[in-house]
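Inspection log for the structure reproduced underneath, given as C-alpha cells.
The values are calculated or read from the model by the stated rules, or taken from the named source; none is laboratory data. Keep in mind that what you see is a predicted model, and the values were worked out from it rather than measured. So basically every Cβ, Gly included, is an ideal-geometry build from the backbone, and we count neighbours across all protein chains shown. The area values use the complete protein model at the heavy-atom level, side chains included, leaving out ligands, DNA and RNA. Shrake-Rupley method; radii C 1.70, N 1.55, O 1.52, S 1.80 Å.
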Amino acid sequence: MLKYNYFPGCTLKTTAKQLEVSAINVGKILGFELVELPRWHCCGTVVTLASDDKIRSIGTIRTLIRAQETGDDKLVTICSVCLNTLRRINARFRDDDEFRDAVLKFMDDEPPYEGNIKVLHYVDILLELGLDKLRKAVKRKLEGLKVGAYYGCLLLRPAEFSIDPNTERPTVLEQIIATTGAEVVDFPLKIECCGSFETVHKPDFVAQRTYEIVESARRAGAETIVTFCPLCHFNLDRRQKIIMQVNPGFKPMPILYFTELLELALSEEELSWEGHEIDVSDILRRYATIKKEA
C-alpha cells in the first residue's frame, strides 16, 4: 500500500475531525495510507502582512523538517489553508536567502531544512492515481445528486500555488466529483472567498457571504455544495444557522466535504457522518441502498 506523510493541521483535529476520518477511509479503499507526521506544528496561517515577520513561519518550517526526517520528499494535507501556507513559506524559504538564513538561526536546535519537500493536496494524490481508477472504485453511483463544487480562494490563489492551471475557470474539482456519478453544477461564486478569516469576530458578515454563495449554487440547480477546505465547510455549514435566524424563509442546503462524497460513492459500509450543522441524512438515506456497480 502506498504511504504518504500527512499533515492534518489544527482544524482536522477539532471541528473537522469527521472530514479527516472520511479522507483516511477513502485512502484505504483506493490503496494508500496517510501517515500522520510526529510532532507537527500549526501551519501558522494567521500571519501578518509584514514582509519581515519571520517568526510566524517557524512552525511551518519545523513541520517541513519533520517530513524531511522521514526520508520521503512528499507531504500531504487535506486543508486548503494549510496547503497555501505550506507552499508559500516553502517557496519563500527556497527563493529568499535572507529569509532562509534568519529562519535557520531561529531554529538552531533543529536539523537544517534543505527545502526539498513537495507539498501536496489530497486532490493531487487522487489525480496521480487517475480519474479512471476513481470511477472503477465506485460502489454506489450518486446519479441524480446535483452538486456544486466550491473552491473558495486559497486553492487557487496565488496562481503559482494553484491546484488548477486555470485559476479563473478551474475544473479539476468538478472532474473528481463527476467520477462518483453525481451531476456537477457550475455556479458563479464557486471561487469567491467565504470570509473564513472574519468568521470569529464578524460572524454576521460571514453569514451574509454564506447566503450569497448558497443562493448562487441553488439558482444554478445545486442541491448540495461540496467543499475542499475545512474552514469553508465550517462557514458554509454552520453560518447558515444565522441566516435562518434573520431570514425565516431561507431553506438550508447541506454541505459535504469532498472526502465524504467520495466515501459515499466508494464505500460499501453504512455511513453516519457527525459534525454537520445542516442535516445531511437525506443524502445518506437516498444512496444507502442504491444498486451497486457490478
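Conditions tested, residue by residue: (1) within 24 Å of Q208 (Cα to Cα); (2) crowded, with 19+ Cβ neighbours inside 10 Å; (3) at pLDDT 95 or above.
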residue	(1), (2), (3)
D132	no, no, yes
L155	yes, yes, no
P158	no, no, no
S162	no, no, no
Q175	no, no, yes
A178	no, no, yes
G181	no, no, yes
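Residues that are out of contact with any strand residue (DSSP E or B) (no Cβ under 9 Å at 6 or more places or on another chain) and either at pLDDT below 90 or under 20 Å from G152 (Cα atoms) (or both): does the range 70-81 have at least one? Checked against the condition, which is being out of contact with any strand residue (DSSP E or B) (no Cβ under 9 Å at 6 or more places or on another chain) and either at pLDDT below 90 or under 20 Å from G152 (Cα atoms) (or both), the range 70-81 yields at least one hit.
Taken as a whole, the structure leaves V35 outside the set of residues that are open to solvent by less than 40 Å² (accessible area, probe 1.4 Å) and at pLDDT 90 or above. Give the residue that is surrounded by the most Cβ atoms within 10 Å (Cβ to Cβ), with candidates limited to residues of the range 3-28 that are under 12 Å from L126 (Cα atoms) and over 13 Å from the mean Cα position of the chain (by Cα). Filtering first and then ranking leaves V26.
Taking the criterion of being of a type in the set (S, T, N, Q) and open to solvent by 10 Å² or more (accessible area, probe 1.4 Å), the residues of the range 238-266 that qualify are Q245, N247. Evaluation of G148 against the conditions (1) small (G, A, S); (2) open to solvent by 20 Å² or more (accessible area, probe 1.4 Å); (3) touching a helix residue (DSSP H, G or I) at 6+ places or on another chain (Cβ under 7 Å); (4) over 30 Å from S57 (Cβ atoms) shows that the sole unmet condition is (2). Do you know which residues across the range 164-173 are among the acidic types (D, E) and open to solvent by 20 Å² or more (accessible area, probe 1.4 Å)? Across the range 164-173, the qualifying residue is only E168.
Of the residues making up the range 93-106, at least one is under 22 Å from I163 (Cβ atoms), crowded, with 17+ Cβ neighbours inside 10 Å and in contact with a helix residue (DSSP H, G or I) (Cβ under 6 Å, 6 or more places away or on another chain). When V26, V35, V21 are screened for being over 19 Å from F228 (Cα atoms) and among the β-branched types (V, I, T), only V35 passes. The condition of being touching a residue at least 60 places away in the same chain (Cβ under 8 Å) and within 22 Å of I283 (Cα to Cα) holds for only one of E215, E223, that being E223.
Of the numbered criteria (1) modelled with pLDDT of 95 or more; (2) open to solvent by 10 Å² or more (accessible area, probe 1.4 Å), the one F205 fails is (1). Being in a loop (DSSP other than H, G, I, E, B), closer than 22 Å to L236 by Cβ, of a type outside the set (V, I, T) and out of contact with any Leu (no Cβ under 7 Å at 6 or more places or on another chain) holds for only one residue in G115, G152, and it is G152.
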